[in-house]
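Heads up: the structure comes next, in C-alpha cells.
The values are calculated or read from the model by the stated rules, or taken from the named source; none is laboratory data. From a predicted model like this one, the values you see are computed outputs, not experimental measurements. Cβ coordinates were reconstructed from backbone atoms using ideal geometry, including for glycine residues, and neighbour counts include every protein chain displayed.
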Ligand code: NAD
Ligand code: UDP
C-alpha cells in the first residue's frame, strides 16, 4: 500500500531508520521525529533529499509545543533509549519518553484517526521465570532496580496504549521486540553485538558480564521491520512478540562472532550486571498465526552483514 503519511518517532535511531527506508521505498510520505538523544542524522542522511521524507528534530515529550503538519495515517512510537548503558545514563528521559511521549503520540493518533504502534520490549518480562516467553506471561520485574527505568517505562507505555484503545477506540498495536541487531547500531552503544565486534576489530578482549551462560535471541533488523509493518496492517490490539526464537548463550555468541570475523581474542569475564535477565527466547506463535511472519535471516548471515557495516564505518 502506498501514498500514506507515516510518522516515525525515533526514526533516526537504529531500527527507526530502517523503518523510514521501508516506508519511503514503498511510496509513502514519512515524517521522522527524533531528538537525536541516541540516534544520528547519519542514519537518515540518504533520505533527506527525498521529497517523500521530512526530518523534524524534536522531543516527543514536548510534542504539544511543535506544530506538526500532518494528517497521519500511521504513527509509530520507537522513541526511547534502548541500550542498557543508554538508559542507565538517561534514566529520567527514558521514563518520560515512554510515558509522556507515548501519551502525546497517542493523542496525535487519536486526532488524526491514525493507526498506532508502540515499540515495547521483551524487557517487560524482566528476568523471566519461564524458559520461553509467551505474550500471556506477566513477567518478573524489579520495579526499583537499575533496569526499572526502562522495563517499568515500557510497561506503563503498554498500559497507556491499552487505555487509549479501550477508552477512546484508538487503533493501537503493541509489539514486544526481542534483541535486534544489524547495520546502523552504534559501534559504542554498549549492546553485546556491537561491543564484541568493536572489541574484535580493535584486537581487545571480549567482555563477558557474569558467567556468559545467560541467553539471548537475536533478530536481524530486516526481519523485524517486516514484522512491524505487517502488524500495522492487522486489526489486532494485544501485545505481539517479534524476535528470532534461536537462543544462544553469550559465550556461544562470542564464539560465532570470532568465527565469522576469522579473528580470536581473549574472553575477559567481568562482574554480572544487576538484574540481568538469565534467559530470553520469544514464543512467536501469535505473530506467525496473525500474519505468517517468522524471521528468515540466520544469525551467522546477519552477523556477517553487521560486521561488514562496522568495518566500513570504522
Ligand atoms: P535507538 O537508540 O537506536 O533508537 C531510538 C531513537 O529514539 C533514537 O534515534 C533517539 O534519538 C530517539 N529518541 C529517544 N528519546 C526521544 C525523545 N524524547 N524524543 C524523540 N526521539 C527520541 O534504539 P533502537 O534499538 O533503534 O530501538 C528503537 C525502539 O525499539 C525503542 O523504543 C526500543 O525500546 C525498542 N526496542 C529495541 C530493541 C533492540 O534490540 N534494538 C529491543 C526491544 C525494544
Ligand atoms: N553483555 C556482555 N558483554 C557486553 C555487553 C553485554 O556479556 O559487552 C551481556 C549482557 O550482560 C546481557 C547480554 O549480553 O546478558 C545482552 O546484553 P545487551 O546489552 O545487548 O541487551 P539486553 O538484552 O541486556 O537488553
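In table form, for the structure just shown:
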| quantity | calculated |
| --- | --- |
| Any hit, region 297-306, residues being outside any helix (DSSP H, G or I) and either at pLDDT 95 or above or surrounded by fewer than 22 Cβ atoms within 10 Å (Cβ to Cβ) (or both) | yes |
| Residue tally, condition within 16 Å of ligand 2 (Cβ to nearest atom) and in contact with a helix residue (DSSP H, G or I) (Cβ under 7 Å, 6 or more places away or on another chain), over region 274-302 | 3 |
| Options 67, 49; residue that is exposed (fewer than 15 other Cβ atoms within 10 Å of the Cβ), farther than 16 Å from residue 116 by Cα and at pLDDT below 95 | 67 |
| Residue within region 6-13 that is within 16 Å of ligand 2 (Cβ to nearest atom) and closer than 23 Å to residue 83 by Cα present | yes |
| Per-region count, region 266-282, residues in contact with a strand residue (DSSP E or B) (Cβ under 6 Å, 6 or more places away or on another chain) and in a loop (DSSP other than H, G, I, E, B) | 4 |
| Residue in region 188-198 that is under 20 Å from residue 40 (Cα atoms) and at pLDDT below 95 present | yes |
| Strands (runs of 3 or more DSSP E) within region 163-252 that include 3 or more residues farther than 19 Å from residue 304 by Cβ, in contact with a strand residue (DSSP E or B) (Cβ under 6 Å, 6 or more places away or on another chain) and within 12 Å of ligand 1 (Cβ to nearest atom) | 171-177 |
| Filter result (touching a strand residue (DSSP E or B) at 6+ places or on another chain (Cβ under 7 Å) and crowded, with 24+ Cβ neighbours inside 10 Å) within region 16-33 | 16, 19, 20, 23, 30, 32, 33 |
| Filtered residues of region 112-127 (kept if out of contact with any helix residue (DSSP H, G or I) (no Cβ under 7 Å at 6 or more places or on another chain), in a helix (DSSP H, G or I) and more than 9 Å from ligand 1 (Cβ to nearest atom)) | 112, 125 |
| Residues satisfying the stated conditions in region 61-99, i.e. near ligand 1 (Cβ under 9 Å from one of its atoms), over 24 Å from residue 227 (Cα atoms) and in contact with a helix residue (DSSP H, G or I) (Cβ under 6 Å, 6 or more places away or on another chain) | 61, 63, 87, 94, 96 |
| Within region 75-97, considering residues that are more than 16 Å from ligand 2 (Cβ to nearest atom) and under 13 Å from the mean Cα position of the chain (by Cα), the one surrounded by the most Cβ atoms within 10 Å (Cβ to Cβ) | 76 |
| Any hit, region 145-154, residues being in contact with a strand residue (DSSP E or B) (Cβ under 8 Å, 6 or more places away or on another chain) and more than 14 Å from ligand 2 (Cβ to nearest atom) | no |
| Any hit, region 247-257, residues being more than 22 Å from residue 137 (Cα to Cα) and touching a residue at least 60 places away in the same chain (Cβ under 8 Å) | yes |
